[in-house]
Structure formats: structure tokens, C-alpha cells
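So the structure is just underneath, and the comments pick up after that.
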Amino acid sequence: MTTRSFAFILDPLQALKPYKDSSIAMMREAARRGHRVHAIGRESLAWRRGGVYARALPLQVLGTDDKWYETGTPEVLPLTAFDAVIMRQDPPFDFEYVTATWLLERARADGARVFNDPRAIRDHSEKLAIAEFPQFTAPTLVARDPTEVQAFIDEFSDVVLKPLDGMGGSQVFRVRADDPNRNVILETLSHEGARTIMAQRYLPEIVDGDKRVLIIGGEVVPHSLARIPKAGETRGNLAAGGRGVAMPLTEREREIAEYLAPILWARGLLVVGLDVIGGHLTEINVTSPTCFVEIGAQTGFSVAALFVDKLEQACA
């Protein structure tokens, strides 16, 4: 097997949770196969005539959770020095995130392999990307005009409102037509009509879980992670206290994933996390999809191994 050198653009290492972090699972599997692993902070990305470079920190990736890595001597290297660069920075998808995709796109033009493809990350709003596939979605509105959103709430009586740039269930509200706080929720979330938001018909099947369906290099992972809301909570996100239960894909979930898989992989999206509730596609996550560890621990199916398989193939 050819030894490769992989650079992962990550949140600060000390902030990652080794018992559950999908990026760490990826790095552990890559290291287990003998590949060299480096960590890059997004803030160190830079361009100067000659190319895009960054401060790369060599990692010895360990298998224990109390101390999961040791570091070597950092080097400033061009991104073309690596066999692949894996963008795993969490949102918010703000201007700095967009700037990073521009820089990574320049690195890609110079010959660097970057996953997920920076242009595809930039072009795929994780919320709004579902508009390309309306045959799989629940009734949804994306609008800035409060009158439009109010009419949507009146039409469907029970809806979910959320910003377009959030993650982990942050700022997600369930609003009923008779909710006395309806107006203030809409005003707050839309910044008094200055921010575009998403409204979706509430799906009662959320009680059975907000299903995370993973697609790796165009291949559908056969198990989802159902993120089941805790009592009294609408959101199933693990970050919001949801409980993760791995289960085989339903026929409908597989239909959605198999349809999207070749389309998204053709765009350079190596790792994609679909969110499916009650057979309806609600989000297409492309920045830093998770749930590798939970699915592996509960089913024995190593999503991280599939990821490294596909990464090796892409570098061949």
C-alpha cells in the first residue's frame, strides 16, 4: 500500500471530542493504515504568488480518548505538498468560511486535491440545497419577507423555523399558528425581516428520529443514525441532547440517498450527511458531517474505513 500524506483542516484540536468526533475517527483510520496525518487551522491558510500554503502540524494519532494525539514540529507548507486536503471546519458558514473556500479553490487550481470540493461546499447551502430535489422534501419556504413566513405558518398550522447558517439545532423553533410568541420568534429569527430564513412543515415523525444518512464517495452507508429528541424537545440533534440510535436504512431513505449519491459525488462531495425525517429530505450537510463513531460503535460498520478507502482511491 502506498503511504499518503493527508492534511485535515479542523477546529482547534483541544476542542475536539475524541469519543465521538468523526474527524478524529477519519484520522485514526488513516494513521492505522500508515498514512501521515497533519492538522491545519483555517486561520493559517494564506496565498502568495506561488500558491496557497498553511501551517501544518504533524500528528501522531493515538487510540486513547484521554490523550488522542501527540504533535511534531509544525511546518509552513504549500497545500500541494499533501496527497489530499480534507476540509472539516465546523460552521458557522460566515465570510471567513467563504474566504477559506476561495483559497482552497486556488490551491485546487494549482493541483491540490481538496475534499469536499471548496466550490461545491460554497455552492451547497446545507439548508437551501434541498430545493434542487423537491420530490423528496416536505413543504418548505425560504423567504425574508415576514408576510410570506406568516402566511406559511397559517397554511400549515405547525411549522419549524430555522436560520440558513446554523448547525446542531441552534436557533431552531417549532411554531404553531396559535403560538402567542409567534411574532416575536419570527422577528428575532429574521432580525426584524433583515435575514432570510427557512420554514418547513412540522413533521411529527421526528419522534422516531431525525435520521442522518451518510454518503461517502458516492456510496451510501447502509445504516442511519436516528437522532431521537429528548422528552419535551423538538430537535433531535445530538448537540441539543438527542439520543443517537443506529438502524438500517428504510426503503425510502435508501431511495433518496441512492438518487443523490452519484450527483453529489460528481461535484466532488466526498462526505455528505443527509437529514431525513419521516421519509422527507430536510438538509444536505457538506461542511463537516458527523455520526461516524456512533454508527460504527452500534453496528460494526466502519464509516471511517469506507472514508479512507474512498480517499485512497481518489488519490490513486
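A few comments on the model shown:
- Among the residues making up region 38-94, those that are touching a strand residue (DSSP E or B) at 6+ places or on another chain (Cβ under 9 Å) and of a type in the set (F, W, Y) are W47, Y53, W68, Y69, F82.
- Given (1) β-branched (V, I, T); (2) in the same structural domain as G41 (by TED's automatic domain parsing); (3) over 22 Å from A30 (Cβ atoms); (4) buried (at least 16 other Cβ atoms within 10 Å of the Cβ), number of the condition V61 does not satisfy: (3)
- Meets criteria (of a type in the set (D, E) and surrounded by fewer than 16 Cβ atoms within 10 Å (Cβ to Cβ)) for D110: yes
- Any hit, region 199-215, residues being more than 17 Å from L281 (Cβ to Cβ) and modelled with pLDDT of 95 or more: no
- Count - residues of region 1-54 that are surrounded by 12 or more Cβ atoms within 10 Å (Cβ to Cβ), more than 24 Å from I215 (Cβ to Cβ), hydrophobic (A, V, I, L, M, F, W, C) and under 20 Å from the mean Cα position of the chain (by Cα): 3
- Counting only strands (runs of 3 or more DSSP E) that fall entirely inside region 1-62 and contain at least 3 residues that are in contact with a Pro (Cβ under 6 Å, 6 or more places away or on another chain), the qualifying elements are 51-61.
- D145 satisfies every condition listed in (1) in contact (Cβ under 8 Å) with a residue 40 or more places away in the chain; (2) within 30 Å of Q60 (Cβ to Cβ); (3) surrounded by fewer than 20 Cβ atoms within 10 Å (Cβ to Cβ) except (2).
- Which numbered condition V221 misses (of (1) under 22 Å from L164 (Cβ atoms); (2) under 19 Å from the mean Cα position of the chain (by Cα)): (1)
- Hey, A84 crowded, with 19+ Cβ neighbours inside 10 Å, within 19 Å of T287 (Cα to Cα) and within 19 Å of the chain's Cα centre (by Cα) or not: yes
- When the criteria are applied in full, V76 meets the requirement of being closer than 24 Å to G111 by Cα, among the β-branched types (V, I, T) and out of contact with any Asp or Glu (no Cβ under 7 Å at 6 or more places or on another chain).
- Region 289-316, subset in contact with an Asp or Glu (Cβ under 8 Å, 6 or more places away or on another chain) and within 25 Å of E205 (Cα to Cα), residue surrounded by the fewest Cβ atoms within 10 Å (Cβ to Cβ): V293
- From the options R235, R243, R267, residue that is over 17 Å from D90 (Cα atoms), modelled with pLDDT under 95 and either among the polar types (S, T, N, Q) or in contact with an Asp or Glu (Cβ under 9 Å, 6 or more places away or on another chain) (or both): R235
- Put simply, of L79, L104 the only residue that is in contact with a Pro (Cβ under 7 Å, 6 or more places away or on another chain) and farther than 14 Å from V271 by Cα is L104.
The values are calculated or read from the model by the stated rules, or taken from the named source; none is laboratory data. Given the structure is predicted, the values throughout are model-derived calculations rather than measurements. No Cβ is skipped: glycine too gets one built from the backbone with ideal geometry, and neighbour counts run over all protein chains shown.
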